[in-house]
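Beneath this line is the structure, given in structure tokens, with notes to follow.
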């Protein structure tokens, strides 16, 4: 892109900054000399308007005490969601959440009881399974189906069968889907909502990647698709993935149905879970008010990175196919064409290619033989990783 205002090419050294991406490589991969392309945060400097807002707040007043909602904080979220995603809600229908994973854990404990069944759709973001089993609930898997063109779709017939036979209390809709990057169409979500209402299932829709849809695709929030969805839906989102501020924990929850919302929000408030701190409010307001152009340029850069990976795998790495996502900066790599067993595949990436990716098997059924690649890094870094992988695959022969 010519005349780009923001810089996405500079390589920023993050080692020694308490970065999960870099400073946990030894623990994650057994060595610290891998090129880390795993955790879902970006290798780009944060939108400078966010940095400026934080710096001004930290330096212009020397007391960091208890906070009331910052002026314009909620309105910035409401306006962004209405204008970007067509999601309309009032401040009374929303509350602060200290992170999506934490928010799912809170929703899980409020809406279900030990022994209850919860639907997930694997391969999917692994903390869902961990939280369900760790809280003594039971996972029911409505596995995604591979399509003839190599992408994925939802098994709606299987979903109804599960709801009818297993009688789950909750379903997790990863929307857009992580790790595959599916921007779920409205018609699919309407069918999910109708089934959930029919069988009395609460749908938790994780929409943290919703602002990261790519060209030709659009994020459809679950709460916008039907009255059924508004009756059963609990939606959570955040500026964290969108603007690379995951370390400043700030998420939001919207529930339209007062029969779900009032008891849940009261429970959150009673347990001290609904109060944002002044830094999270400052960063969120700045992101949603001033980050639009940064995001536009960032997504263009990410899409070029994705195209580079897809083309590079096709041309230089036989046996690995990069599945182009419809949303997010995560690319699902199909490595089954290499014909390697699980341990050999991990050894190829970690010890031979010296790159650290998320092992597809951690995302559950259907993930073995796949790897998840984070492409939200400077292009020079991404190209280095692809070249190291190509050389390692070539050496297998």
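Computed from the coordinates by the stated procedures, all read-outs in this text should not be read as laboratory data. Here the structure is a predicted model, which means the values were calculated and not measured. When we count neighbours, we look across all protein chains shown, and the Cβ atoms used for this are built from the backbone with ideal geometry, even at glycine.
Hey, if you drop one equal point scatterer on each alpha-carbon of segment 156-212 and run the Debye formula without solvent, what base-10 log of I(q)/I(0) do you get at q = 0.12 Å⁻¹? Treating every Cα as an identical point scatterer, log10 I(q)/I(0) equals -0.28. Kirkwood analysis of the Cα pair distances in the chain returns a hydrodynamic radius of 21.9 Å.
Annotation: the antiparallel percentage among DSSP beta bridges lying fully within the chain is about 55.
The separation of segment 6-67 from segment 275-290, counted between C-alpha centres, amounts to 17 Å.
Taking packing as the residue-averaged number of other Cβ atoms within 10 angstrom, the listed peptides 161-168, 45-52 run from highest to lowest as 45-52, 161-168.
Highest mean packing comes first when the peptides 144-155, 371-382, 86-97, 207-218 are listed by Cβ atoms within 10 Å, giving 371-382, 207-218, 86-97, 144-155. Dividing the summed -39500 (n - 2.57) terms of all DSSP H runs of n ≥ 4 by the residue count of the chain sets its mean residue ellipticity at 222 nm at -12500 deg cm²/dmol. When each of the peptides 56-64, 348-356 is scored by the mean number of other C-beta atoms lying within 10 Å of its residues, the order from highest to lowest reads 348-356, 56-64.
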